[in-house]
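To start, the structure itself, in structure tokens.
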Amino acid sequence: MLKDFAISIVRTLQERGHKAYLVGGCVRDLLLGREPADYDVTTGAVPDEVMRIFPLTYAVGVQFGVVLVPLPKTDVASDVVEVATFRSDIGYSDGRHPDQVRFSKDPREDVERRDFTINGLLLDPVTNEVLDFVGGRKDLDAGIIRTIGDPERRFAEDKLRMLRAVRFAARFGYAIEPETFQAIQKLAPQISQVSRERVRDELGKMLTEGRARQAFLLLDETGLLHEVLPEIEAMKGVEQPPQFHPEGDVFVHTLLLLDKLPHPCPITLAWGALLHDVGKPATFRVAPDRIRFDGHVDIGVKMAEEICGRLRFSNDDTDQILALIDNHMRFAQVQQMKESTFKRFVRMARFNEHLQLHRMDCQSSHGDLSSYNFTREKMASMPPEIMRPAPLITGDDLIAAGYLPGPLFREILSTVEDGQLEGRLRTRDEAMGFVGSEFPRGSKTGI
């Protein structure tokens, strides 16, 4: 167990004459009665001493006093404990890394360089003593996110801390202390200096940690939303037809949907939910009958593709996010779909995410779940061999029948599969007879 391993590291360091404590988020979570995701140790031992004491280590950040100690006999990348030397940091020219690091023997000096008071607590797991030099326990009890020391200085050191303040406040249901909040509002434009990958990852955590709606409200209030996702800010005030969206504008609808994300939540579903209506502001118009968003799906897919590229999403994640946006309106037609169309629809990769998005979309607007229920019930009634039957014919069969390979093969095989999915074609002979009649060799449509 990682917790026991982290405690053993602290104990070993102490036995070798070094001060050592658990530090940061793991202490915060333990005091809140939560299970920490990882464990960090801070110590007076310098990296060379740590590596002598623990021969199996990864020197990932020795210049900053950081050494990773892996849990023995495990191949899991997350099963490591970060051991960092007490230090003070001097200068942050790049807005992320200290220009100079000075190792220290004083744990107080180390704590004073950290981000928020609730993350600045030290715990001696051997004695259960908590060291609090910055008022972290008081802020934990009061539910407050407060920087350690001057907030503008803390955010200047690492601009990502502004997003982290929002995430922690949302995650724990805390308030951001006024001076800290004002500093975020003032410095929000500087978030552009943070790498897009780090911004993406922080936003992803906001979306998947269970309180996404509150996180995006805070992003909006601090001015960070305007800087990192102006396309979402543009949803504010964009009215929708009340007969389908009694809840309000596109921004309100999107926030309601975020409130319904499952926990844990696939990252692609979370981003698909956030961006599913991103094309509506650009396509808003008032028609004689009602408000309309003609083409908002196609526009939304293009906008989401730009956002995914901007935030450096992987190709696989991008493809799934775009598929969620591209298909989210198709559920309105499921009860009228041909059998072949329905079966192809529900055979899409990770279809459960599409289904979840549709359910949340309905629950956040008109509340009509008839298409959702129809889809679930019909899928449940179809065994796999009906949903995805073995092909009746292949390209080899077409070649054997005298057809020359070419682009039309795909159309022939797809048309035959449609007949199979709809129950009109049941055998290979029926399929080949159909091909001969619909795609005769030598005709304009044949090969």
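Assorted remarks:
- Of the listed residues 216, 103, the order by accessible area with a 1.4 Å probe, largest first, is 103, 216.
- In the chain, helices alone account for a calculated mean residue ellipticity at 222 nm of -14000 deg cm²/dmol, with every DSSP H run of four or more residues adding -39,500 (n - 2.57).
- Only Lys, Arg (+1) and Asp, Glu (-1) charged, at Cβ; the stretch 296-445 dipole about Cα centre in debye: 100
- Put simply, the amide H of residue 81, placed in the peptide plane, has neighbours under 5 Å in 69, 71, leaving out anything fewer than 5 places away on its chain.
- Spatial separation of Cα centroids for the stretch 296-310 and the stretch 229-269, in angstrom: 16
- R0 of 35 Å, Cβ-Cβ distance residue 8-residue 201: FRET efficiency to nearest 0.05: 0.70
- Potential lengthening between residue 408 and residue 221 on full extension [0.36 nm per residue; Cα-Cα distance subtracted]: 61.8 nm
- Accessible surface, per residue, of the chain when the full set of protein chains is kept, probe 1.4 Å, Å²: 47
- Spacing of the two label points (7 Å from each Cα toward its C-beta) at residue 286 and residue 193, in nm: 4.5
- Rounded to 5, percent antiparallel among DSSP beta bridges of the chain: 80
- Between the amide H of residue 223 and any residue lying 5 or more places away or on another chain, no distance stays under 5 Å, with hydrogens modeled in the peptide plane.
- Extension gain from residue 430 to residue 386, taking 0.36 nm per residue of separation minus the Cα-Cα distance: 14.1 nm
- Remark: accessible surface ordering of 85, 208 (largest first) is 208, 85, probe radius 1.4 Å.
- Protection proxy ranking, peptides 24-31, 158-165, average beta carbon neighbours within 10 Å, highest first: 158-165, 24-31
- Listed pairs 3/73; 302/343; 186/236; 3/105; 205/236; 205/260 exceeding 18 Å between Cα atoms: 302/343; 186/236; 3/105; 205/236
- Selection among 349, 337, 327 by position relative to the dipole of the stretch 309-353 gives 337 as farthest towards the positive end (Cβ unit charges, Cα centre).
- Karplus-based coupling profile of the stretch 56-69, in residue order and whole Hz: 8, 9, 10, 8, 7, x, 4, 5, 9, x, 10, 10, 9, 10, with θ = phi - 60° in 6.51 cos²θ - 1.76 cosθ + 1.60 and x standing for Gly or Pro.
- Here Cα Rg over 2.2 N^0.38 Å was calculated from the structure, and among (1) 0.95; (2) 0.89; (3) 1.27 it sits at label (3).
The values are calculated or read from the model by the stated rules, or taken from the named source; none is laboratory data. Everything numeric here is computed off the predicted structure, so don't read it as measured data. Virtual Cβ from ideal backbone geometry, glycine too; neighbours counted across all protein chains shown. Side chains included, ligands, DNA and RNA excluded: accessible areas come from the protein's heavy atoms. Shrake-Rupley method; radii C 1.70, N 1.55, O 1.52, S 1.80 Å.
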